[in-house]
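Data block below; observations after.
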Amino acid sequence: MLTQTIRRQFLQYFKDRGHAVIPSSPVVPYDDPTLLFNNAGMNQFKDVFLGKSHRDYTRAATSQKCIRVGGKHNDLENVGHTSRHLTFFEMLGNFSFGDYFKKEAIQFAWEVSTNIFGFDPDRIWPSVFLDDDEAFELWTAYVPAERITRFGEKDNFWEMGDTGPCGPCSELYYDKGPQYGKAAKLSEDTAGERFLEFWNLVFMQYNRQPSGKKDPLPKPSIDTGAGLERVISLKMGVESIFETDVLRSIIAHTEEVSGIPYNLHDAKAPAFRVIADHLRCLAFAIADGVQPSNVDRGYVLRKVLRRAVRYGRQLGIDRPFLAEILPQLVDTMGGDYPELAKGQDRIAEILTVEEESFIRTLRRGGNILNQIIEKSQSAKTKLITGDDAFKLKDTYGLPLEEILLIAKDSDLTVDQNRYQELEIEAKQRSRSTQKSTHQLASESVFANFVKEKGETKFVGYGHTMSSGKVIGLVVNGEFVDTMEEGQEGLVILNETPFYAEMGGQVGDTGTLAGMEQTFLVQDCIAPYRGLIAHKGMLQKGSLVLGTIVTASVDTERRQKIANNHTATHLLHWALFQVLGEHVKQAGSVVDPSRLRFDFSHHKALSAEEIRHLEDLINGKIRENLPVNSYELPYEIAQNREDIKQFFGEKYGAQVRVIDIDYSKELCGGTHTSAVGNIGLFRIAKENSIAAGVRRIEAVTGKEAEELSREGEEQLSKLAQLLKTQPGLVQERIEKLLEENKLLTQELKAIKKSQLNELVNQLTLKAERKGPVPFIVGTLPVSVEELRSCVDQALELLGSGVVVLAAQFPDKCQLVAKISDDLVAKGYSANELVKLAAPVIEGSGGGKANTAQAGGKAPNKLDEAFAILRSHLQRNPAPKA
């Protein structure tokens, strides 16, 4: 496909020019609380642009999966109704982190546009920021000055937020031709129909302070983004991005499923386009670990799915259908994005379950709509309130246009002003889910330290004790030359065996000992990439820069951590075997006493699945294979399907592989030397922590033995309580349950016999002083039994009125029932209840033949009965 060809040629072009080709990060920004979804190629490099970390490369290129829906970037309502809006798209990009700047960025963009994209050079129109004379001059080497357009800050100045990195940008537009508009040049095309922007080059050269002042960045950088779908639409010369190869193939499959042909200009065309776009958005999000839900990004995803279902109904599809179209998406994009193929079954299952749920909701919504119409027609205003309309849209997925049409057919109007107020409030709530943070670019004090003193050499893979020189001391957040006895702070050595907390593994503890000094290491952290800091307290002596110390790790604690970390890898492998390849790690914690593993899965694990996991892992522990580690170039590792890589991780040029034959993962943590050292593995707990994310907590070795003993002790205590042997507990419980069942049945039979007798006695005492026989009284029964007694009494009475009550310490319940022949004459149980309810300080209602009430004054039941008796004796046929 052309899309695949252009994507690969773009990345190869930049690879040939010294760029590291970095895989797309997941659509879920696991390490960025400011975003619902990744919506630009630069998201995964934000920490680099902010100066908070560095990479092993200064040039990069990506094809990033992006979703723009919810929050600031929300294209949802436009999708399907325009030629260019999408919720899911791919963004091609090249990046420079203090390497090249404007000259090279413009040169690269021109060469790619003309040689890779194959665009006509005479139809490319660059734009620059109003005051950016440098960019203007650079562009004159490629296009005539009259084709370079200057725009203001709104169009050609980029900023990460209210503060932080920012700078002018240069956008590339392509002239689609006079058939798309009469504008002869870019500045005249205010509607944006003829000149389509396809690439944005951001020249990140300033750091905006909270005061608004723009300080020059010490290392200007480049961030570019080209929408792949737009590029393909221009290259194919089609009217809409939905006519491009990938999207058009999904539309063709939708034609087969719906049985309706697609026509670009037909009234049903938006439905096809919505389904094609939304399926991509849903499939990639689910593949990356998001699941439709009622909160945060899961809520946004559910809205996308429900919109696709609604538009499917416009094509006459009233059953779950997205899973039928999914294989076409996997066929076209699964080659470059294998997560789609691996997660296909799970994606299909989640889509179908969600669709079935929403179809039920729509049916329920239809009933709610009828109730709202009836309520509105009975009102003087003949108005569907804004609150009701918004409820139908937000809760039941009925679009405003559909509500307006239904209202018109019913001679009603809709309060659209109130509806729009609620829409705005909902959008503001969506935006508020994204945390507002100051994103100031900074030259970290630790970054400067690394430049001056160098990185810490980690020797802890092979040693737990080594000597090192003190090269940094931090007390109260500031670098100092001396640390005195009793002070707490950080000690930085030129080399250390201490592992710093990273990747879910806790930091090492131990001691740093000199000739006259002892520093107790309570934790170990990595404040900056390449730097290891020992956190703790100086127990003895004073430390000065240059002091030589012996760094000793707590080896027993380290071994437990190593065992648990290797067990985490075994668990990940076992989850693949038991649940499937859709499982993705979503977080972990490894400490001396336990391990915790979060992973993507859409339902709770059964007892059988948990047992299967334990059996697989313990089998591998007994097999006792060696745990090997080695380094590979990341470029090689990322193309190895047998090596697992994880969300949110930022890998360097060289990566470390933990290899246990059947399990291979990129990992920088410490591991045991042989799997058998783990001893025993037990799962302590499995639960949900978010929609589509499960958590397993497990223990190994001694802790696993203790967990097993806890179970044995509980079984022994149960056996003692049941007066039997542990091996016979199940048999004893089953026998007790059977005995209980028989006793319960006997008790019910006795209770039923007693109730029958009570009802018979009441029926014999039926009062016949008025025009109709009636029974009034109180029974010592439950509410459920009360209804049964009323039915039975009326059946024995034949024709008449029955009003019975059940009395409790602080409340009472009253049920009235009238035979059908008396209802036909005008008697009403509802009216009887309305007479009695105020007396017992309660409320109630019902129909003519049966009604009930509850009250807070059981002591007034006799008073209520007296009123009912009087009413029935003197009224031949009360009207309801």
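The values are calculated or read from the model by the stated rules, or taken from the named source; none is laboratory data. Keep in mind that what you see is a predicted model, and the values were worked out from it rather than measured. All Cβ positions, even for glycine, are placed from backbone atoms using ideal geometry, and neighbour counts span all protein chains on display. These accessible areas exclude ligands, DNA and RNA; they are computed on the full protein's heavy atoms, side chains included. Shrake-Rupley method; radii C 1.70, N 1.55, O 1.52, S 1.80 Å.
Taking the inverse of the mean 1/r over every pair of distinct Cα atoms in segment 258-344 gives a Kirkwood hydrodynamic radius of 13.6 Å. Kirkwood hydrodynamic radius of segment 8-49, from the reciprocal of the average inverse Cα-Cα distance over all distinct pairs: 11.7 Å. The candidates TRP158, TRP125, arranged from most to least accessible area with a 1.4 Å probe in the full protein assembly, appear as TRP158, TRP125.
Mean projection of the Cα convex hull over all viewing directions, computed for the chain: 50.8 nm².
Here the 3J(HN,Hα) profile of segment 204-221, calculated from phi with Karplus coefficients 6.51, -1.76 and 1.60 at θ = phi - 60°, is 7, 10, 10, 10, 7, 8, x, 6, x, 5, 9, 8, x, 6, x, 10, x, 10 Hz, Gly and Pro shown as x. Across the alpha-carbon set of segment 209-286, the Rg to Rh ratio works out to 1.26, Rh being the Kirkwood radius. Computed on protein heavy atoms with a 1.4 Å probe, the accessible areas place LEU404, LEU832 in the order LEU404, LEU832, largest first.
By the helix-only formula, in which each DSSP H run with n ≥ 4 contributes -39500 (n - 2.57) and the sum is divided by residues, the chain has a 222 nm mean residue ellipticity of -12500 deg cm²/dmol.
Backbone phi angles across segment 381-390, fed through the Karplus curve with coefficients 6.51, -1.76 and 1.60 (θ = phi - 60°), yield HN-Hα couplings of 6, 6, 10, 7, 5, x, 5, 5, 5, 5 Hz in residue order; Gly and Pro are listed as x.
Residues whose amide H lies under 5 Å from that of THR778, counting only those 5 or more places away or on a different chain, are ALA805; hydrogens are built 1.01 Å from N in the peptide plane.
Sequence-ordered 3J(HN,Hα) estimates for segment 837-845 from the Karplus curve with 6.51, -1.76 and 1.60 and θ = phi - 60° stand at 4, x, 5, 8, 6, x, 8, x, x Hz, glycine and proline given as x. For segment 588-679, applying the loop criterion from DSSP together with a ceiling of 15 other beta carbons within 10 Å to the GluC sites (Glu not before Pro) yields GLU641, GLU649. Solvent exposure of segment 597-714, expressed per residue, is 48 Å² of accessible area, with all protein chains present and a 1.4 angstrom probe. Residue ranges 570-578, 223-231 sort as 223-231, 570-578 when ordered by packing (mean number of other C-beta atoms within 10 Å per residue, highest first). Out of every Cα-Cα pair that segment 637-774 contains, those further apart than 22 angstrom amount to 73 percent.
So if I take the centroid of the Cα atoms in segment 5-62 and the same for segment 630-683, what is the distance between those two points in Å? Measuring centre to centre over Cα atoms gives 22 Å. Look at the dipole of the chain built from charges on Cβ: of SER708, PHE136, PHE198, the Cα furthest out on the positive end belongs to SER708. Highest mean packing first, where packing is the average number of other Cβ atoms within 10 Å per residue, the peptides 508-516, 753-761 line up as 508-516, 753-761.
Extension gain, LEU383 to LEU736: 0.36 nm times the residue separation minus the Cα-Cα distance gives 120.8 nm. In the chain, a dipole from Cβ-located charges (positive for Lys and Arg, negative for Asp and Glu) runs towards its positive end, and of THR670, GLY777, GLN209 it is GLY777 whose Cα lies farthest in that direction. Please pull out the direction-averaged projected area of segment 723-795, using the convex hull of its alpha-carbon atoms, in nm² to one decimal place. Mean orientational projected area (segment 723-795, Cα hull): 6.7 nm². So, with a 1.4 angstrom probe, what is the percent of accessible area on the chain that is carbon and sulfur? Answer for the chain is 48 percent, counting heavy atoms of protein chains only.
With protein chains left intact and a 1.4 Å probe, residues in segment 144-281 average 40 Å² of accessible area per residue. The residues of segment 729-880 expose, per residue, 56 Å² of accessible area to a 1.4 Å probe. Database remark: amide H of GLY845 closer than 5 angstrom to the amide H of GLN852 (H placed geometrically; neighbours at sequence offset of 5 or more, or on other chains; Pro and chain starts carry no H). Once you have a ≥ b ≥ c as the square roots of the Cα gyration tensor eigenvalues for segment 95-150, tell me rounded if a/c is under 1.5, and otherwise prolate or oblate according to whether a/b is larger than b/c. Taking the square roots of the gyration eigenvalues as a ≥ b ≥ c, segment 95-150 is oblate. Positive-end ranking of TYR634, ALA719, ASN294 along the dipole of the chain, with charges on Cβ about the Cα centre, is headed by ALA719. Beyond 23 Å, the tail of the calculated P(r) for segment 734-878 holds 36 percent of the Cα pairs. Between the C-alpha center of segment 298-352 and that of segment 132-196 there is a gap of 37 Å. The value given for segment 515-634 is a Kirkwood hydrodynamic radius of 18.0 Å, derived from the mean inverse Cα-Cα separation. The charge dipole of the chain, taken about its Cα centre with unit charges on the Cβ atoms of Lys, Arg (+1), Asp and Glu (-1) only, comes to about 2620 debye.
Cα-Cα over 26 Å: which of LYS103/LYS219; LYS52/LYS453; LYS382/LYS817; LYS46/LYS102; LYS46/LYS535; LYS765/LYS825? Distance filter (> 26 Å) returns LYS382/LYS817; LYS46/LYS535. Amide H contacts of ALA674 (H built 1.01 Å from N, in plane; Pro and chain starts excluded): VAL627 sit under 5 Å, all sequence-distant by 5 or more or on other chains. Full extension of the chain between ARG709 and LYS154 gives 193.0 nm of extra length, using 0.36 nm per residue less the Cα-Cα distance. From most to least packed by mean Cβ count within 10 Å, the peptides 412-424, 344-356 give 344-356, 412-424. With the convex hull drawn around the C-alpha atoms of segment 182-250, the volume per residue stands at 163 Å³. The Rg/Rh ratio of segment 555-691, with both radii computed over alpha carbons and Rh defined as the Kirkwood radius, is 0.94.
When only the Cβ of Lys, Arg, Asp and Glu is charged (+1, +1, -1, -1), the dipole of segment 705-838 relative to its Cα centre reaches about 800 debye. When the surface is traced with a 1.4 Å probe over the full set of protein chains, ASP394 keeps roughly 50 Å² accessible.
Could you work out how far the C-alpha centroid of segment 798-832 sits from that of segment 96-129, in angstrom? Measuring centre to centre over Cα atoms gives 85 Å. Summarised in one figure, the compactness ratio Rg/Rh of segment 86-204, Cα atoms and Kirkwood Rh, is 0.95. Over segment 600-659, the hull volume per residue, using the convex hull of the C-alpha atoms, is 110 Å³.
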